[in-house]
Amino acid sequence: MLRLENVSKAFGSLVVSNAVTLDVTPGQRHTIIGPNGAGKTTLINQIGGQLSPDRGKIFLHGREITRLSAPLRAQAGLARTFQKNTLFQALSVFENVRLGAQAAHGRTYDMFRSWRNDTRVLGLAEQAIEQMNLGRIAAQPVGKLSYGDLRQVEVAVALATSPTVLLLDEPTSGLSPSETARMIDVLHALPREISILMIEHDMEVVFSIADHITVLYYGEVIASGAPRAVADDPRVQEVYLGAPQ
Amino acid sequence: MTTATFFTKWPAARGFAFVAVLLPFVVLSPLALLSGYGLDVITEIMIFAIVAVSLNLILGYGGMVSFGHAAFFGLGAYATVLISTRYDVSPWLGLAGGVATATVAAVVIGAFCVRLGGVGFFMMSLAFAQLLNSGAIKWRPLTGGSDGVGGLLRPDLFGFDLADADVMYLFTAACLAGALLFMRMVIASPFGHVLVGTRESSLRMQAIGYQTRHIRLAAFALSGAIAGLSGGVYAFYNGFVSPDALSFGTSGMILLMVILGGKGSLLGPVLGAGLFLSVKNVVSTHTSHWLLIVGCIFVACVMVCPEGILGFAKKLSRSGERR
Amino acid sequence: MDLFLTQLLNGLVYGVLLFLVSAGLALIFGLLGIVNLAHGSFFMLGGFVALSVTAATGSFWLAMLLAPIPVMALAGLIEVAFLRRLYARSQLDQVLLTFGLSFILTDVTETIWGKGLSSLQEPRGLREGVEILGNVFPAYRLALLAFGFICAFAIWLVLERTRAGSMVRAGVDDARTAMGIGLNVPALRTATFAIGGGLAALAGVVAGPLLGVFSGIDVEVLIPAFIVVAIGGLGSLRGALIGSLVIGFADTLGKAYIPGVSMFLIYFAMIGILLVRPHGLFGQDPSGG
């Protein structure tokens with residue numbers, strides 16, 4: 001589905017990605033973990049197209065997307081969430097999600113009809129809202145939401161674009177235990193047609209969702225495999241015990 | 001269901017009924033009440049309302065701060081006058097040429113501007129408008145230099161002569177109404193929503209698959225076309241155009257009209273144009289300190305009601321409801 | 001050859017004048033984040049106040065010394081009364097405010113002094129020509145050139161070698177952090193706006209004998225100063241210096257040798273540079289990327 005080959009990136013002398021190779025297979029729940037400063041978000045930004053790698057290649061469905069712009073990657077089926085809030089502040093939750101659905105299934109340059117007439121887009125938006133249990137706040141402006149709700153809206157907007165690969169940048173960071181549990185449920189309920197690549201800090205979340213874990217340490221992949229195998233890996237233990245979170 | 005409950009249930013219907021009842025009065029009463037000068041003033045207000053509406057599309061909905069919108073207004077006016085007088089064709093063809101020229105210019109200039117955000121966009125739009133202003137001053141054989149170029153005679157429309165102030169007024173009102181209806185449609189369309197999305201968060205728009213530059217450019221071109229129409233009608237109205245139409249000052253005035261009335265609302269710019277030009281007409285007959293008054297309007301607008309009069313009114317009515 | 005040297009000197013002199021205006025503009029943008037559309041008005045006011053001072057005292061030198069002072073006070077007042085409340089608001093509001101202020105200042109100037117179009121007299125002793133290598137140069141322009149470079153050096157010295165200067169630089173880099181480490185950013189902003197306005201006024205005085213003093217010169221100076229700042233980079237003093245010299249030469253030599261297109265030359269320069277480097281030659285990407 002999604003494949004990275006030797007992706008490298010440096011800011012000046014600081015190497016943030018060092019020949020990262022990884023593979024997200026269809027339906028996989030692939031989680032990237034690593035201590036702070038491991039270059040996880042920078043990697044997601046390179047996959048999403050917000051940054052471009054210095055070297056290496058990125059493939060989506062077998063097609064190289066390394067030089068493709070972010071919107072074209074999104075159109076090819078890649079969706080992502082952000083850690084920092086970049087949602088449409090003045091718009092309601094529903095409108096945020098609807099813009100996501102319209103991106104994939106609507107007519108961007110249609111100026112002559114009301115957006116209310118596009119029932120397909122409306123349906124998809126409603127579906128994403130339901131998937132994330134956001135019905136109760138659908139009409140509220142995003143600028144007034146709590147942090148926990150914002151994390152859910154993030155995922156809903158991404159889902160509304162009908163992605164085949166979903167990149168999640170710490171979906172549970174800053175959530176309360178009950179919100180985290182809800183997020184885990186929601187992620188479990190997502191259909192297996194969607195492959196997920198996720199950055200996560202919370203080990204409980206990681207082990208309840210992931211079927212594959214990649215450990216990033218100072219921009220380098222030091223271990224990759226099934227959760228049990230990675231947990232038992234001596235280098236991983238060294239990194240985590242030596243530099244506890 | 002009584003009429004009253006029908007209207008409380010459907011605020012949109014209430015608005016529509018309101019407009020349907022009032023509109024004929026609004027449009028026709030100046031014809032009955034005013035003559036000559038008064039009618040001319042209202043015609044001019046409506047011409048500037050059109051260009052303000054066009055700027056509002058990119059400023060209010062698209063978040064693009066253009067300090068060069070006079071470029072498209074002026075180009076529309078120049079092209080209308082020049083095509084009509086130099087090639088001896090119908091001024092209607094001139095008007096069409098004016099709109100086309102402004103649109104093409106907006107596509108070209110927009111292609112440069114939309115690459116930049118914030119201050120860059122502002123500077124770039126200003127630079128292009130100044131470039132055109134310099135061009136109009138310098139290229140004397142074509143544009144008549146700082147004296148401008150004139151000689152346009154208002155044409156007939158279905159047998160009615162636009163040289164008649166009443167006919168010109170009605171024609172301009174029709175253009176403004178057309179522009180407003182078009183804007184209303186665009187704002188409520190999928191494209192209108194996408195445009196607001198680029199204003200709110202370009203990064204997110206790109207991440208969900210929108211090519212924000214193209215969207216901004218489309219809006220910029222549309223806005224330029226409507227500004228060109230307004231310039232063309234202005235050429236009909238004045239029969240004459242000078243580099244002033246392309247100037248720094250004119251761009252600022254159009255910007256003020258939008259802000260004064262309330263950006264990001266359909267009728268705000270119309271209100272702003274009306275208020276600004278009314279004050280101008282009243283003040284300049286009484287005092288020579290017009291610049292001082294304009295300056296104070298700018299300052300007061302920014303300091304007291306940055307959301308414009310419509311925004312201010314909305315805030316007032318909201319706090320009124322809370323009480 | 002003779003003519004070319006003269007044009008070169010004129011280009012340098014124009015560049016130096018532009019620098020005095022655009023240095024303030026660049027620093028004000030850097031520290032206050034404000035695109036100051038009233039900056040040309042400070043230039044114009046400087047010239048008019050100098051007219052009054054020379055009329056009263058007969059001394060150009062005294063005018064140079066005194067004229068920037070009321071303009072500085074006015075600029076400081078504007079910052080405290082208006083701009084201070086706008087830092088949290090959008091760039092659009094700041095632009096509109098300073099644009100409105102420029103209208104008010106024009107009207108006030110015209111009310112006090114009339115429309116002008118008088119020119120300041122060069123100081124006695126600098127009215128003759130000076131012969132260098134067989135060419136005769138106007139003494140005032142040479143003096144102006146020297147003065148301009150002294151000013152540029154002085155500004156650089158203050159910014160790089162004094163405590164106040166390093167505070168300004170810290171504020172330009174990151175106002176929030178600067179405030180966090182205890183710098184009095186509000187006072188720095190007032191001072192920067194006042195000094196920026198004073199520099200523009202000083203430029204207005206020394207430009208008086210060359211460009212004249214009249215209402216309308218504010219816009220004539222503001223636009224090229226903007227172009228300089230756009231080319232050099234918003235917030236960059238080095239950019240303002242290099243941009244000033246580039247525009248000074250391009251404009252002067254263009255007018256002399258390719259008069260048909262000279263007017264467009266500086267705009268093309270600006271558009272071209274903005275395309276390749278959206279934040280100017282020495283500007284920093286405000287998003288930090």
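Values quoted throughout were computed directly from the atomic coordinates according to the rules given, and no laboratory measurement underlies them. Just so it is clear, the model here is predicted, and its values are computed rather than measured. Glycine gets a Cβ as well: all are built from the backbone with ideal geometry, and neighbour counts include every protein chain shown.
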> Top mean-square fluctuation among B:Tyr169, B:Tyr37, B:Tyr61, Gaussian network model of chain B, C-alpha springs under 10 Å?
Replying inline: B:Tyr37
>> Inside 10 Å of the C-beta atoms of B:122-129, what's the mean count of C-beta atoms belonging to other chains?
In response: 6
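With a cut-off of 8 Å between alpha carbons and a minimum separation of six or more residues, what is the relative contact order of chain C in percent?
Values: 441 pairs, mean separation 104.9, N = 289.
With pairs under 8 Å counted, the relative contact order is 36 percent.
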> What length, rounded to one decimal in nm, is gained on full extension from A:Asn85 through to A:Arg55, with 0.36 nm per residue of separation minus their alpha-carbon distance?
Replying inline: 7.9 nm
>> Can you work out the Karplus-derived ³J(HN,Hα) for every residue in segment C:89-99? Use 6.51 cos²θ - 1.76 cosθ + 1.60 with θ = phi - 60°, whole Hz, and x for glycine or proline.
In response: 8, 6, 4, 4, 4, 5, 4, 5, 4, 5, 5
> For A:Ile32, which sequence-distant residues (separation of 5 or more, or a different chain) have an amide H within less than 5 Å of its own amide H, given hydrogens modelled in the peptide plane?
Replying inline: A:Met198, A:Ile199, A:Glu200, A:Thr214
> Farthest toward the dipole's positive end in segment B:38-322, which of B:Val51, B:Phe236, B:Gly68, given Cβ charges of +1 (Lys, Arg) and -1 (Asp, Glu) about the Cα centre?
Replying inline: B:Gly68
> Quick one: how many lysine pairs in the protein assembly as shown have C-alpha atoms under 16 angstrom apart, if they're 8 or more apart or on different chains?
Replying inline: 7
> Taking the Cα centre of segment B:38-322 as the origin and placing charges on Cβ (Lys, Arg +1; Asp, Glu -1), which of B:Thr172, B:Leu153, B:Leu310 is farthest toward the positive end of the dipole?
Replying inline: B:Leu310
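Please compute the net charge surrounding A:Ala128, taking Lys and Arg as +1 and Asp and Glu as -1 over other residues with Cβ under 14 Å from its Cβ.
Numbers: positive: A:Arg98, A:Arg120; negative: A:Glu95, A:Glu126, A:Glu130, A:Glu154.
With Lys, Arg at +1 and Asp, Glu at -1, the net is -2.
What is the magnitude of the charge dipole of chain C about its Cα centre, with +1 placed on the Cβ of each Lys and Arg, -1 on the Cβ of each Asp and Glu, and no other charges, expressed in debye to the nearest 20? Walk me through the numbers on the way to the answer.
Numbers: 15 positive and 15 negative charges, 107 e Å.
Magnitude of the dipole: close to 520 debye.
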>> Taking θ = phi - 60°, what integer Hz values does the Karplus form 6.51 cos²θ - 1.76 cosθ + 1.60 yield along segment A:41-51, in sequence order, with x for Gly and Pro?
In response: 5, 4, 5, 4, 5, 6, 6, x, x, 6, 10
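Once you keep just the Cα pairs under 8 angstrom separated by 6 or more residues, what percentage relative contact order results for chain A? Mind dumping the intermediate values first?
On the way: 458 pairs, mean separation 69.2, N = 245.
Here the relative contact order equals 28 percent.
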> Using only helices, what value at 222 nm comes out for chain A when you add -39,500 (n - 2.57) per DSSP H run of length 4 or more and divide by the total residues, to the nearest 500 deg cm²/dmol?
Replying inline: -11000 deg cm²/dmol
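What is the sum of charges, Lys and Arg at +1 and Asp and Glu at -1, for the other residues whose Cβ falls under 11 Å from the Cβ of A:Asp118? If you can, show how the numbers build up before the last one.
Numbers: positive: A:Arg98, A:Arg107, A:Arg113, A:Arg116, A:Arg120; negative: A:Asp110.
Residues near A:Asp118 contribute +4 overall.
Kindly state, to the nearest 0.05, the FRET efficiency for A:Arg113 paired with A:Asp232, given R0 = 56 Å and r defined as their beta-carbon distance. Provide the component values of the computation, followed by the final result.
Details: r = 58 Å, r/R0 = 1.04.
The computed FRET efficiency comes out at 0.45.
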> In cubic angstrom, how much convex hull volume per residue do the alpha carbon atoms of segment A:86-162 span?
Replying inline: 84 Å³
>> Nearest 10 degrees is fine. How inclined is helix C:262-276 to the longest principal axis of chain C, computing both from alpha carbons?
In response: 30 degrees
> Once amide H atoms are placed 1.01 Å from N in the peptide plane, what residues at a sequence separation of 5 or more from C:Gly129, or on another chain, have their amide H within under 5 Å of its amide H?
Replying inline: C:Ala139
>> Give me, ordered by chain and number, the residues 5 or more places off A:Tyr109 or on other chains with an amide H under 5 Å from its own placed amide H.
In response: none
> Taking every pair of alpha-carbon atoms in chain B, what share in percent sits in each 10 Å bin, from 0 to the bin with the longest distance?
Replying inline: 6, 24, 34, 24, 9, 2, 0
> For segment C:242-248, in order, what is each residue's ³J(HN,Hα) by Karplus, 6.51 cos²θ - 1.76 cosθ + 1.60 with θ = phi - 60°, in whole Hz (x at glycine and Pro)?
Replying inline: 5, x, 4, 5, 4, 5, x
> For chain C, with the dipole built from +1 on Lys and Arg beta-carbon atoms and -1 on Asp and Glu ones, taken about the Cα centre, which of C:Ile112, C:Ala152, C:Leu183 lies farthest toward the positive end?
Replying inline: C:Leu183
> Relative contact order of chain B: what whole-number percent is it, with Cα pairs under 8 angstrom and at least 6 residues apart?
Replying inline: 30 percent
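If the convex hull of the alpha-carbon atoms of segment C:1-106 is projected onto planes in all directions, what is the mean projected area in square nanometres?
Details: hull surface 34.6 nm².
That works out to 8.6 nm².
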